[in-house]
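Some notes on the structure that comes next.
The values are calculated or read from the model by the stated rules, or taken from the named source; none is laboratory data. Computed from a prediction, not measured in an experiment: that's the story for all the values here. All Cβ positions, glycine included, derive from the backbone under ideal geometry; neighbour counts span all protein chains shown.
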Ligand code: ARG
């Protein structure tokens, strides 16, 4: 997950020399002088765009096949190109490809290598195409693959949460507002709230994928091409849902990248909220949960420490997720149509958001279902915070008292409880009747934690019965969103 800018003052890790059989600069015809070495390194993107090599080759195979079908390429050239590209893909996958900064980017490295291998047929691949529609196509294919991979992990996390919730439909904990004990809830209900947040993120990912999956290829540099291309063929070969309808927009649109980083930032924000609860709940002051040793680290000086590092890191990742979104919004702001070199700056933030989303969700998918839940501490905390005060007020309203009066009565009872360190449910009937003569023995039913949670028995409520139903419905909801990934 490194964000490395290639340092133009240092020799590149990739080779600066290139074999003699293919020209170093595929665009060198109109130039007399050589590129300044610093400029060459400064303008190159190969150090970070080489991760799109599979997508670049896939796009080239589809382009060559289309050219052959419309009669622009011979069958022989087409066969040579496919064979050459396959060989290059294997060489790269084996880690044996020599990337060259003087060939600038992934596209020209692969094209030059193809020319080295197959000669003139390789020089014909770029007919009717530009790096501008090529790079836009590659990034979309890359983001599409990434969406599918992330969706699979997101689903694993969601199913893990459902599993966890199913074990705790009647585990009682304090529910919080303002981080003050508010009303008792069930832990399963709380976990299912996380489920809802992360399910929306999956839905957003699907929407992003829908907009990503449109094909810029065929727009060429900006205006289209004079060759008799058939974009329908390339669209089908590459599995795109639609063709970008305007060539100028096709090469310059990076909305899909912004869409992705926006969805990533929202999911990172959700994960950070869950992470924050993990960190709080693991503290000696809460002791609601314990995370397995495998997800924590110790302190080199304080022997008692067990730190929730994974949760903290996931919380911290929000910074880069937000930063990447801001970077891309700012990158695109004010760019005139169509392609500008600025766009090369789209990749590092985008790739970083992909990695961040992927790894954070994976960490949580592994960690959350494995956490130990301390039911006794949760219960004790729920009792302590006068969390059934609303239930007492509601009970009084049901006896005919206006809600505002009931609020006042209960407020006085709570004040008494705070002063004398006694919970509402532990006060004697006489004490309670001192606050209102409407109170009788039956009030104690609602002052218990179970009575309180059981009474919130409607769709979306915290009653164990409702949580069981939410858990039962959840798997089908996970299946229904992003159905192409299981
Ligand atoms: N490396 C470039 C990028 O990442 C590829 C497209 C370059 N096109 C051009 N005309 N300079 O955007």
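Please verify whether residue 27 is within 15 Å of the ligand (Cβ to nearest atom) and modelled with pLDDT under 95, treating the condition exactly as stated.
The answer is yes for residue 27.
Out of the residues in the stretch 414-430 that are over 17 Å from residue 181 (Cβ atoms) and in a helix (DSSP H, G or I), state the one that is farthest from the chain's Cα centre (by Cα).
430
As an exercise: evaluate residue 32 against (1) away from the ligand (no atom under 16 Å from the Cβ); (2) surrounded by 10 or more Cβ atoms within 10 Å (Cβ to Cβ); (3) modelled with pLDDT of 55 or more and give the number of the one condition it does not meet.
Result: residue 32 fails condition (2) only.
Select from the stretch 51-77 the residues that are surrounded by 20 or more Cβ atoms within 10 Å (Cβ to Cβ) and over 32 Å from the mean Cα position of the chain (by Cα) and write down the one among them that is farthest from residue 220 (Cα to Cα).
If we take residues in the stretch 51-77 being surrounded by 20 or more Cβ atoms within 10 Å (Cβ to Cβ) and over 32 Å from the mean Cα position of the chain (by Cα), then 77 is farthest from residue 220 (Cα to Cα).
Filter the stretch 165-182 down to the residues that are in contact with a strand residue (DSSP E or B) (Cβ under 8 Å, 6 or more places away or on another chain), buried (at least 19 other Cβ atoms within 10 Å of the Cβ) and under 19 Å from residue 287 (Cα atoms) and list them by number.
168, 171, 172, 173, 174, 175, 181, listed by residue number.
If only one of 182, 193, 165 is free of Cβ contacts under 8 Å to residues at least 12 places away in the same chain and more than 30 Å from residue 58 (Cβ to Cβ), which one is it?
Every option except 193 fails the conditions.
Step by step: first the residues of the stretch 285-296, then only those that are at pLDDT below 90 and exposed (fewer than 13 other Cβ atoms within 10 Å of the Cβ), then the one that is farthest from residue 372 (Cα to Cα). Which residue is that?
Applying the filter and picking the extreme gives 294.
Just need a number here: residues in the stretch 96-126 that are part of a helix (DSSP H, G or I) and in contact with a strand residue (DSSP E or B) (Cβ under 7 Å, 6 or more places away or on another chain).
Of the residues in the stretch 96-126, the ones part of a helix (DSSP H, G or I) are 101-103, 106-118, 120-123.
Add one more test, that the residue is in contact with a strand residue (DSSP E or B) (Cβ under 7 Å, 6 or more places away or on another chain), and what stays is 109.
Total meeting the criteria: 1.
Filter the stretch 471-481 for residues that are in a helix (DSSP H, G or I), within 24 Å of the chain's Cα centre (by Cα) and either in contact (Cβ under 8 Å) with a residue 40 or more places away in the chain or farther than 16 Å from residue 200 by Cα (or both) and give the result.
471, 474, 475, 477, 478
So, in the stretch 106-143, how many residues would count as being more than 16 Å from the ligand (Cβ to nearest atom) and under 23 Å from residue 342 (Cβ atoms)?
0
Considering only the stretch 388-405, I want to know if a residue exists there that is touching a strand residue (DSSP E or B) at 6+ places or on another chain (Cβ under 6 Å) and either within 16 Å of the ligand (Cβ to nearest atom) or at pLDDT below 95 (or both).
Yes, some residue in the stretch 388-405 is touching a strand residue (DSSP E or B) at 6+ places or on another chain (Cβ under 6 Å) and either within 16 Å of the ligand (Cβ to nearest atom) or at pLDDT below 95 (or both).
Suppose the filter is in contact with a helix residue (DSSP H, G or I) (Cβ under 6 Å, 6 or more places away or on another chain) and farther than 25 Å from residue 286 by Cα; does residue 239 pass it? Break it down into steps so the answer makes sense when it comes.
Working: in contact with a helix residue (DSSP H, G or I) (Cβ under 6 Å, 6 or more places away or on another chain): no; farther than 25 Å from residue 286 by Cα: yes.
Against the criterion (in contact with a helix residue (DSSP H, G or I) (Cβ under 6 Å, 6 or more places away or on another chain) and farther than 25 Å from residue 286 by Cα), residue 239 does not qualify.
With the requirement that a residue be in a helix (DSSP H, G or I) and crowded, with 20+ Cβ neighbours inside 10 Å, what does the stretch 304-326 give you?
The answer is 310, 311, 314, 315, 318, 320, 321, 324, 325.
Filtering the stretch 82-95 down to residues that are over 18 Å from residue 134 (Cβ atoms) and in a helix (DSSP H, G or I), which residue is farthest from the ligand (Cβ to nearest atom)?
83
Report the residue count in the stretch 25-76 for those that are in a loop (DSSP other than H, G, I, E, B) and closer than 12 Å to residue 110 by Cα.
Quick first cut of the stretch 25-76, residues in a loop (DSSP other than H, G, I, E, B) only: 25-27, 31-36, 44-45, 70-74.
Add one more test, that the residue is closer than 12 Å to residue 110 by Cα, and what stays is 26.
Looking only at that region, the number is 1.
Is there a residue being on the phi < 0 side of the Ramachandran plot and away from the ligand (no atom under 16 Å from the Cβ) anywhere in the stretch 334-342?
Checked against the condition, which is being on the phi < 0 side of the Ramachandran plot and away from the ligand (no atom under 16 Å from the Cβ), the stretch 334-342 yields no hits at all.
I need a count of the residues in the stretch 252-271 that are farther than 25 Å from residue 134 by Cβ and surrounded by fewer than 22 Cβ atoms within 10 Å (Cβ to Cβ).
Within the stretch 252-271, residues that are farther than 25 Å from residue 134 by Cβ and surrounded by fewer than 22 Cβ atoms within 10 Å (Cβ to Cβ) number 5.
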